[in-house]
Structures are given as structure tokens and as C-alpha cells.
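Beneath this line is the structure, given in C-alpha cells, with notes to follow.
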């Protein structure tokens, strides 16, 4: 059986249900049906998704918002997502790239294949 598209597969019951009257007291985002005594409070803060810069920092520990040389703040002015444009930029950079030093070439390749006992020779 395949579920229909855009249908939640997890159903919540009890205080975790979407409109339970005690939901705002239990959930961290203060979601749930508002009671009359809390109607004067400000509305709960909406969930805001992380930016891709925050995700890079969280997952790969890459901080693109701080200059690696001076430590100052860096502002992202463009985000290139079109694959054709990315290919053109990378091809241009490959043409201008300096050749690797001979010492780097020694370590930049994979080790030669080794024959394992019980297996045929590689190649």
C-alpha cells in the first residue's frame, strides 16, 4: 500500500493533537487551541527554518558567516543554484588552476589494488 501524496503518516492524539486545549502548555512551540485566559498574551512565535548557512555550520562545522582571515562578519550577496552556471564557473576555475606540486601528486591517488587471499588477481 502506498499512501496518498501530502498526507501526514503520523497521527497525534491526546494533548499532542493539533487542537487540544492543553497543547500550548505541553508543546515547546506553545501550539494548540488558545484558552480564553491567555487571549491577552502575544501569539506564539512561529517556527522559522534555518538558513543554509546555519545548516552548513551545524552539520559540517563550516562557518561561512565569519571571515577566516580577519574574523569579521561576512555577508552573503549571492547564491548560485543553477547547475549550468555552476559548471561554467568550475570549468573556468579549472583552466586557471595551478598544477599540483609533485609531492602532492604522490599522495593524491588511491593505493594500488591488492590481491586478497581466495580472490582472483585485480584487473
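The figures follow:
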| quantity | calculated |
| --- | --- |
| Qualifying positions in the stretch 45-66 - over 26 Å from residue 28 (Cα atoms) and assigned to a helix (DSSP H, G or I) | 60 |
| Residue in the stretch 67-78 that is under 19 Å from the mean Cα position of the chain (by Cα), modelled with pLDDT of 65 or more, surrounded by 10 or more Cβ atoms within 10 Å (Cβ to Cβ) and assigned to a loop (DSSP other than H, G, I, E, B) present | yes |
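The values are calculated or read from the model by the stated rules, or taken from the named source; none is laboratory data. Note that the coordinates shown come from a computational prediction; the quantities given were computed from them, not determined experimentally. So basically every Cβ, Gly included, is an ideal-geometry build from the backbone, and we count neighbours across all protein chains shown.
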